[in-house]
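Encoded as structure tokens, the structure appears first; notes follow it.
The values are calculated or read from the model by the stated rules, or taken from the named source; none is laboratory data. Predicted, not measured: the structure shown is a model, and the values here were computed from it. Virtual Cβ from ideal backbone geometry, glycine too; neighbours counted across all protein chains shown. Accessible surface areas use protein heavy atoms only, side chains included; no ligands, DNA or RNA. Shrake-Rupley method; radii C 1.70, N 1.55, O 1.52, S 1.80 Å.
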Number of protein chains: 2
Amino acid sequence: MSDAAEYRQAMSRVGGAVHIVTTDGPAGRAGFTATAVASVSDSPPTLLVCLNRASAANAVFKANGVLCVNTLAAGQQDLAGIFGGLAGVHGAARFARSAWTPLPDGTPALAGALAAFECRLAEVHEVATHSLLVGAVRHIVLGPMGPGLAWFDHAWQRLVGSGG
Amino acid sequence: MSDAAEYRQAMSRVGGAVHIVTTDGPAGRAGFTATAVASVSDSPPTLLVCLNRASAANAVFKANGVLCVNTLAAGQQDLAGIFGGLAGVHGAARFARSAWTPLPDGTPALAGALAAFECRLAEVHEVATHSLLVGAVRHIVLGPMGPGLAWFDHAWQRLVGSGG
């Protein structure tokens, strides 16, 4: 078994897009910053998000049964910090510093994100410290295209596409 | 429900590291290129890989019960193409054009990769067209650090870290 510190060091070499995952509904509004997001299938469109079981947001996502994955653009790292808990702001107050539009199932889509995927929570699997939230994608919004925000080598990075 | 084409277009905006996932054992050697890899937990170190249920490799991974996630460095895109099926090379022949070292559980680690995570297959969940392979990380190898290979905006990209 590798240990946690060795694993985190190796994972710092796995670059990835940064997302803010949101929910809203009867259990309230919540959101968190995630890099552990994967596409599962395009038939039907299905994605997966890992969420800490110890987080206050965990029960809120499960109770609402809907989620939105907002893929951040380069330049949105301050917001990623807020939703990652780095700014000491918790709960619904995290939403105060940016513009959000409710999608058809009520989840908040972030202005300026490269893409937003609104999902119905289709399955949950509990694995170690985290819940695997499997989302059936129901609505997609494309924002303006540009460089993406990535996390790699212990820091925010800019991921530039073919168009510059 | 969003459709497959719309979903793939939106997913092209989600940048991600590129990996070659390998196995070896009684069922033979196999490997495929993946971007759908996520870290699940560091306690204990656990990751997740999505693998098409229709692929020939699927049964091989399940039978061997071990896998290695090799995180590619910038410059290894030709190899990513071979293991992604773009070069028309199938099965164990894909391994011929690069150097591999067996890790303690027998899976092939790629020379020059940024990191390699050898895992025991701990759980499998079938979701839509894909299998979610949950791997308990047992051995880690760090390669030379440098820019990573990413897939973003329909093309290979170079993801540069803090050290350049």
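Quick notes on this one:
- Note on A:Ala27 and B:Glu126: their simple-model spin labels are 2.8 nm apart, each label 7 Å out from Cα toward Cβ.
- Remark: the Cα gyration tensor places the range A:39-115 in the oblate category, a/c being 1.5 or greater and a/b not exceeding b/c.
- The calculated FRET efficiency for B:Arg8 paired with A:Ala5, based on their beta-carbon distance and R0 = 45 Å, is about 0.75.
- Solvent-accessible area buried by pairing B with A, both sides, nearest 100 square angstrom, 1.4 angstrom probe: 5100 Å²
- Remark: the range B:121-135, residue by residue, has Karplus-estimated 3J(HN,Hα) of 6, 8, 8, 10, 10, 8, 10, 6, 7, 10, 9, 8, 8, 9, x Hz, where x stands for each Gly or Pro and the curve is 6.51 cos²θ - 1.76 cosθ + 1.60 at θ = phi - 60°.
- For chain A, adding -39500 (n - 2.57) for each run of n ≥ 4 DSSP H residues and dividing by the number of residues yields -3500 deg cm²/dmol at 222 nm.
- Theoretical FRET efficiency, 1/(1+(r/R0)^6), r = Cβ-Cβ of A:Ser43 and B:Ala99, R0 30 Å, to 0.05: 0.25
- Of all accessible heavy-atom area on the protein assembly as shown, the percent that carbon and sulfur account for (1.4 Å): 54 percent
- Length-normalised contact order for chain A - Cα pairs under 8 Å, 6+ apart - percent: 27 percent
- DSSP beta bridges confined to the range A:5-164 are antiparallel in about 100 percent of cases.
- Accessible surface, chain A, averaged per residue in Å² (probe 1.4 Å): 38 Å²
- Taking a ≥ b ≥ c as the square roots of the eigenvalues of the alpha carbon gyration tensor, chain A is rounded, as a/c is under 1.5.
- Once the partner protein chains are put back, the range B:37-62 shows a loss of at least 50 square angstrom of accessible area, versus the chain by itself, at B:Ser39, B:Val40, B:Asp42, B:Pro45 (probe 1.4 Å, ligands and nucleic acids excluded).
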